[in-house]
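Every number in this text was worked out from the coordinates using simple rules, so none of it is lab data. Quick caveat: nothing in here was measured; it's all calculated off a predicted structure. Here Cβ is always computed from backbone atoms with ideal geometry, including for glycine, and neighbour counts include all displayed protein chains.
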Amino acid sequence: MTAVLAVAANTFREAIRNRVLYILLAFAIVLIAASMVLSSLSYVEQTRILQNLAFGAMRLFGIVIAIAVGINLIHREVDRRTVYTILSKPVSRTAFLIGKYLGLVATIWLLVAIMAVAFALTSWVGDAPLGLGHLAAVALVGLELAVVVGLATLFSAFTTPMLAALFTTGITAAGHLTRDLLALAAASGDPGVEAVTRWLHRVLPDLESFNLTLHAVHHLPITASDVVLPVFYAIAYTSVLLLLASLIFQRRDFR
Amino acid sequence: MSGGTPIVRVENVVKDFRPGFGLRTKRVLHGISFQVSPGEIFGFVGPNGAGKTTTLKVLMGLIGATSGTARILGHDVRETAFREHVGFLPENPWFHDFLTGREFLRFYARLAKVPRAEREARIDTLLAWVGLAHAGDARLRTYSKGMLQRAGIAQALIHDPQVVFLDEPMSGLDPIGRVEIRDLILRLRDEGKTVFMNTHILHDVEMLCDRVAILVDGRIRWEGRLEEFEREGERKSQVVLANLKPELAERLEQRCQAELRGHGERVELRVAEKDVEGVLGMALGAGAEVVSVTPLRQSLETIFLSAVEGAAGGGR
């Protein structure tokens with residue numbers, strides 16, 4: 001456990017000393033603040049449009065940052081050979097992988113917290129009401145990004161950053177569409193198509209299950225299961241991703 | 001070989017790599033075996049591409065052997081826990097350069113399970129030991145190559161290991177840096193550590209190592225103490241002659257199996273010590289002039305070259 005925490009702390013330290021991260025964060029904050037300007041172009045529902053746009057900016061930039069940093073997570077350690085000295089200590093490959101994952105998740109959660117503060121300030125300035133629903137929605141954005149980091153970790157464990165970016169982006173995009181695919185298949189009435197979409201829905205991450213934006217912005221009631229079930233889903237799905245990553249990473253030769 | 005249970009025991013280790021996506025494999029290690037005893041500095045010598053780093057990576061668990069066994073301190077190298085007794089410095093090391101020297105050692109101390117109460121004292125001791133006490137709070141990206149190498153040795157020793165593996169520790173260093181690292185390695189031996197050193201710099205091996213294994217094309221060509229080289233090898237002398245007629249040169253080559261190398265009007269011969277008298281008699285009898293006779297010392301370089309040439313000549 002000490003090794004996992006040491007690797008996680010080092011990954012966190014490396015990430016927060018990365019200037020690219022701050023540039024991306026600055027863009028995200030500018031976009032969140034810009035939602036105030038964009039919403040003012042509308043005559044109706046200005047506060048809801050403001051929060052919708054701000055949430056969208058938060059999720060989009062969260063995903064971009066998670067993928068941008070996550071795809072290099074393992075590759076950089078191998079490419080620069082820092083992994084040689086780390087694994088020559090009493091550190092298992094699984095512990096190393098989990099440490100890297102946790103370090104990046106901690107970084108992403110810090111960024112989500114900063115973006116949430118920017119969101120709150122923008123809402124306050126724009127007179128948009130805030131409630132516990134917003135807090136729950138932000139927490140689920142953090143969970144969604146933890147799953148995306150898990151995907152990036154899996155691909156980073158065995159392929160190049162370019163391919164890892166491609167695979168992670170593709171699956172993240174597909175993960176937002178699986179519910180729509182299910183609905184489309186049900187409407188088609190074709191049992192074959194339904195079976196395929198059901199299988200896709202099970203295998204691909206159901207990232208829309210982490211989306212409470214609508215509930216928060218429209219002040220719809222949020223039940224305990226709306227939050228608890230995604231938490232368990234994120235833990236289970238990420239565990240499988242990290243298990244697969246670990247199995248692949250165990251067999252890898254560092255030539 | 002020194003007494004005691006071997007610290008490192010490698011038996012018939014084979015390593016195949018698959019260069020591409022195909023089924024064809026390339027054999028890099030051809031069933032190598034050797035042992036390292038406690039307290040010795042062991043030189044693992046070979047030309048570039050011989051398989052030295054591959055062997056070290058197998059020992060560090062960074063790549064898996066195709067077959068054979070490798071053990072350190074009695075443990076299979078695929079295990080993890082025993083590595084708290086093992087230190088490692090890779091070739092041309094690259095570390096997290098956003099860390100300061102002190103943060104860097106703290107990170108490796110945590111990985112190596114150095115108790116929290118002992119960490120800072122251990123870091124201070126090691127920074128002083130490798131001559132980096134003044135640079136502990138500077139980022140690694142500001143370090144010179146020699147300083148990085150010394151920082152690398154400090155991380156290898158942070159947990160006071162029993163055995164230290166060094167991959168080309170003098171590589172790319174200036175003469176002062178090499179002397180500093182050499183002194184550090186000798187201090188490790190004085191502290192009772194076992195040192196395994198990969199290198200192709202024979203001068204360092206002659207100065208530092210108790211025992212040597214020569215690896216050529218993935219095969220161990222020789223393993224033993226340096227002085228054993230001299231006992232094993234046939235002693236030769238260098239005879240330099242002038243005014244040598246071609247017929248005499250031919251006779252010398254055929255009858256004495258002398259190796260002839262021409263240098264202008266002079267000819268250099270390398271002949272077995274037992275044949276020197278006969279060669280001199282023939283040369284003087286044929287009117288040649290004897291310029292010099294020098295007994296040749298069997299240096300590691302000559303052994304190394306003959307091992308490499310032997311491999312190239314098909315002596316596998």
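For B:91-98, what's the mean count of beta carbons from other chains sitting within 10 Å of each residue's beta carbon?
Details: counts 2, 1, 5, 6, 4, 11, 3, 6.
For this peptide, the per-residue mean of nearby foreign Cβ atoms is 5.
Placing unit charges on C-beta atoms (Lys and Arg positive, Asp and Glu negative, everything else neutral), compute the dipole magnitude of the range A:93-233 about its Cα centre in debye, rounded to 20. Can you show the working numbers first?
On the way: 5 positive and 8 negative charges, 100 e Å.
Its charge dipole is roughly 480 debye.
Show which aspartates and glutamates lie in cross-link reach of B:LYS245 when reach means a straight Cα distance below 14 angstrom and same-chain residues fewer than eight apart are skipped.
Here the aspartates and glutamates satisfying the reach criterion relative to B:LYS245 are B:GLU253, B:GLU265, B:GLU268, B:GLU289.
What is the helix-to-structure angle for A:224-250, meaning the angle in degrees between its Cα long axis and the longest Cα principal axis of chain A, kept from 0 to 90 and rounded to the nearest 10?
Rounded to the nearest ten degrees, it is 20.
Is there a quick way to get the dipole size of the range B:8-227? I mean about its Cα centre, with the Cβ of Lys and Arg at +1 and of Asp and Glu at -1; what is the value in debye to the nearest 20? Walk me through the numbers on the way to the answer.
Values: 31 positive and 27 negative charges, 154 e Å.
Dipole about the Cα centre, nearest 20: 740 debye.
Along the Cα-to-Cβ line of B:ASN92, 7 Å from the Cα, sits a label point; which residues in the range A:69-106 have backbone N less than 14 Å from it?
A:79-82
Stokes-Einstein D for the range A:15-154 at 10 °C, 1.306 mPa s, Kirkwood Rh over Cα pairs, in µm²/s?
On the way: Rh = 16.3 Å.
Translational diffusion coefficient: 98 µm²/s.
Which entries in the list A:LYS89/B:LYS15; B:LYS52/B:LYS193; B:LYS57/B:LYS193; A:LYS100/B:LYS15; B:LYS113/B:LYS193 go over 25 Å, if you measure between the two C-alpha atoms of each? Intermediate values should be presented prior to the final figure.
Values: A:LYS89/B:LYS15 23 Å; B:LYS52/B:LYS193 21 Å; B:LYS57/B:LYS193 20 Å; A:LYS100/B:LYS15 29 Å; B:LYS113/B:LYS193 19 Å.
Table pairs above 25 Å Cα-Cα are A:LYS100/B:LYS15.
If the viscosity is 1.306 mPa s and the temperature 10 °C, what Stokes-Einstein diffusion coefficient in µm²/s follows for chain A when Rh is the Kirkwood radius over Cα pairs?
Values: Rh = 19.4 Å.
Roughly 82 µm²/s, to the nearest whole number.
Suppose R0 equals 41 Å. What FRET efficiency, 1/(1 + (r/R0)^6) with r the Cβ-Cβ distance, do A:ILE114 and A:LEU247 give to the nearest 0.05?
Values: r = 35 Å, r/R0 = 0.85.
Given R0 = 41 Å and the Cβ-Cβ separation, E is 0.75.
Per 20 Å bin from zero, what fraction in whole % of the C-alpha pairs of chain B is there, up to the bin with the longest pair?
Binned Cα distances yield the sequence 28, 45, 22, 5, 0.
On each of the three principal axes of the Cα atoms of the range A:1-80, give max minus min coordinate, whole Å, ordered largest first.
Taking max minus min along each principal axis of the Cα atoms, the range A:1-80 gives 55, 25, 17 Å.
Determine the distance separating the Cα centre of the range B:39-66 from the Cα centre of the range A:64-105; give it in Å without decimals.
Cα centres, the range B:39-66 to the range A:64-105: 24 Å.
Does anyone have the angle between helix B:300-312 and the longest principal axis of chain B? Alpha-carbon axes, 0 to 90°, nearest 10?
Rounded to the nearest ten degrees, it is 80.
Out of every Cα pair in the range A:79-222, what percent are spaced more than 17 Å from each other? Can you show the working numbers first?
On the way: 7345 of 10296 pairs.
Result: 71 percent of Cα pairs exceed 17 Å.
If you project the alpha carbons of the protein assembly as shown onto the principal axes, what extent comes out on each, in Å, largest first?
That gives 119, 60, 47 Å along the principal axes, largest extent first.
What average number of partner chain Cβ atoms lie no more than 10 Å from the Cβ of the residues making up A:78-85?
Average per residue, whole number: 6.
Which whole number gives the average, over all residues in B:62-74, of C-beta atoms from other chains lying within 10 Å of the residue C-beta?
Values: counts 10, 4, 4, 0, 0, 0, 0, 0, 0, 0, 0, 0, 0.
What the average comes to for B:62-74 is 1.
Using the scaling law 2.2 N^0.38 Å as the reference, what is the normalised Cα Rg of the range A:172-238?
On the way: Rg = 13.6 Å, N = 67, 2.2 N^0.38 = 10.9 Å.
Rounded to two decimals, the normalised Rg is 1.25.
For B:ALA286 paired with A:MET1, estimate the spin-label separation in nm (one decimal), with each label point 7 Å from Cα along the Cα-to-Cβ line.
8.4
Taking the Cα of B:LYS26, stepping 7 Å toward and past its beta carbon, and measuring to each backbone N in the range B:66-89: which are under 18 Å?
It comes to B:66, nothing else.
Given N residues in the range B:1-126, what is its alpha carbon radius of gyration divided by 2.2 N^0.38 Å?
Numbers: Rg = 17.4 Å, N = 126, 2.2 N^0.38 = 13.8 Å.
That works out to 1.26 for the range B:1-126.
How high is the FRET efficiency between B:LYS274 and A:PHE254 when r is their beta carbon distance and R₀ equals 56 Å, given to the nearest 0.05? Working shown, then result.
Details: r = 52 Å, r/R0 = 0.93.
Once the sixth-power term is evaluated, E becomes 0.60.
Which one of A:THR169, A:ALA139, A:ALA106 has its Cα pushed farthest toward the positive end of the charge dipole of chain A, where Lys and Arg give +1 and Asp and Glu give -1 at the Cβ?
Result: A:ALA106, furthest along the dipole toward the positive end.
Identify all lysines with a Cα-Cα distance to B:LYS236 below 22 Å; exclude those on the same chain that are fewer than 8 residues away in sequence.
B:LYS274
Taking the 0 to 90 degree range and rounding to the nearest ten, how far is the long axis of helix A:93-125 tilted relative to the main principal axis of chain A, both from C-alpha atoms?
So the helix axis and the longest Cα principal axis differ by about 20 degrees.
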